[in-house]
């Protein structure tokens, strides 16, 4: 069974969640990071402990207003890289933190 999109670019006063998805009984908060080239490092490297804590607070805010009652919550990071020709590669880190 695949993922079902619950929300995209969900916003509140704390910030924004890129993707909120459901898979089976798991609610997945997915941060999407995109980079062209590697001068600033790989995209996933931009999700440090500060960003992780912010995403956790955003997830709490989402759950406070959502009717969903997930059995499990997970945080994923989708790392999107573009090469010089514009070709994209995507790697998803499930349960990234």
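The values are calculated or read from the model by the stated rules, or taken from the named source; none is laboratory data. Quick caveat, the model's predicted, so the values are computed rather than measured. For neighbour counting, all protein chains shown are included, and Cβ atoms are generated from backbone atoms with ideal geometry for every residue, glycine included.
Of note:
- Flag if residue 22 is more than 12 Å from the chain's Cα centre (by Cα), at pLDDT 95 or above and assigned to a strand (DSSP E or B): yes
This table checks each residue for (1) within 15 Å of residue 79 (Cα to Cα); (2) in contact with a strand residue (DSSP E or B) (Cβ under 6 Å, 6 or more places away or on another chain); (3) free of Cβ contacts under 8 Å to residues at least 40 places away in the same chain; (4) surrounded by 14 or more Cβ atoms within 10 Å (Cβ to Cβ).
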| position | (1), (2), (3), (4) |
| --- | --- |
| 7 | no, yes, no, yes |
| 11 | no, no, yes, no |
| 27 | no, yes, no, yes |
| 32 | yes, yes, no, yes |
| 40 | yes, no, yes, no |
| 51 | yes, no, yes, yes |
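- The range 70-86: number of residues that are in contact with a strand residue (DSSP E or B) (Cβ under 9 Å, 6 or more places away or on another chain) and assigned to a loop (DSSP other than H, G, I, E, B): 5
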